[in-house]
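Presented below is the structure to which this report refers.
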Amino acid sequence: MYLSKVNFECYTDTTITRAEKAINLLLDSWRYHGQIIGREFPVVLKDAAFSVRVVCPEENSLLDSFQSKQVKRAKLALSEAGLLSPKLKNLGRDINSDDSDTCETPSWQVLYTNYLQSCSPVRCGDHFTPIPLYHLPAVANGDHKQLIKWQEDWSACDQLQMNGSILEHSALKEMSDITSRLYRRGSDLTKRLEYLSKVPTYLYLYRVGGESLETEKERCCPSCGGDWLLENTVHDIFDFKCDTCRLVSNISWDFKR
Ligand SMILES: [Zn+2]
Ligand SMILES: [Zn+2]
């Protein structure tokens, strides 16, 4: 991923509140389209200009050609708030983060996240690298807000079950049970994404607990009851894959070597 500095200069009298509101609207719109990554964006005011550092999946993520209608609208709102168009400066590649996927068309893709991840929740099935969301057709209303919201909810559940102090059981159910609301939302999103992108799109179902490695291996697809054990683990995580239900899962983390 790449670090960029974005500058907003005032061209007329404005108030900090108005400018802040307009800048935050643009940051939100960029985030909901996958053009910037993360949750916190400290904005600094110095010499009548605001500046903010953002992390982008690619060097050119903030190009106008990738923007959603929400981003376009947010840019218009900037000028109404007395700010010039944002000026971008590339600061370089973040050596600690994953690279984005570069496939033209992956043979499959998967909706996957965890409590530590802030990169795109859609990964290339061939390389397991995150696919910048703005390269995918928008799932609803012209951007990817629904995917980002699904990712936030999934990460929050994962955090709760990792911490294990409150709501652990309900959080785990949301991530691992095909009757949960989070599962249904994920499933609807993967179906929509597959329909729009024409790329087989799978949903990851978390699995922990169980009795033994043997009984784990005998598990059937929870959706169709079919055989779904893979010969070899894929990307160190997926031991199960149902091509009918577009589901992937792991042998319970309690028994995985
Ligand atoms: Zn790939
Ligand atoms: Zn199935």
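With a requirement of 2 or more residues that are within 16 Å of ligand 1 (Cβ to nearest atom), the strands (runs of 3 or more DSSP E) lying completely within segment 138-257 that satisfy it span 201-205. One residue stands out among those in segment 173-230 that are surrounded by 15 or more Cβ atoms within 10 Å (Cβ to Cβ) and aromatic (Phe, Trp, Tyr): the one that is farthest from Val248 (Cα to Cα), which is Tyr183. Residues that are surrounded by fewer than 14 Cβ atoms within 10 Å (Cβ to Cβ) and without any contact (Cβ under 8 Å) to a residue 60 or more places away in the chain within segment 86-106 comprise Ile95, Asn96, Thr102, Glu104, listed in sequence order.
Considering only residues in segment 67-85 that are open to solvent by 100 Å² or more (accessible area, probe 1.4 Å) and over 24 Å from the mean Cα position of the chain (by Cα), the one that is nearest to ligand 1 (Cβ to nearest atom) turns out to be Leu76.
Here Ser4 meets the list (1) on the phi > 0 side of the Ramachandran plot; (2) in contact with a Cys (Cβ under 6 Å, 6 or more places away or on another chain); (3) open to solvent by less than 50 Å² (accessible area, probe 1.4 Å) almost entirely, failing just condition (1). Name the residue that is farthest from Gln161 (Cα to Cα), counting only residues in segment 78-124 that are aliphatic (A, V, I, L, M) and assigned to a loop (DSSP other than H, G, I, E, B). The extreme case among them is Leu84.
The values are calculated or read from the model by the stated rules, or taken from the named source; none is laboratory data. Since this is a predicted model, take the numbers as computed values, not measurements. Counting neighbours? That spans all protein chains shown, and the Cβs are built from the backbone with ideal geometry, glycine included. For the accessible areas, the whole protein counts, side chains as well, though only heavy atoms, and no ligand, DNA or RNA atoms are used. Shrake-Rupley method; radii C 1.70, N 1.55, O 1.52, S 1.80 Å.
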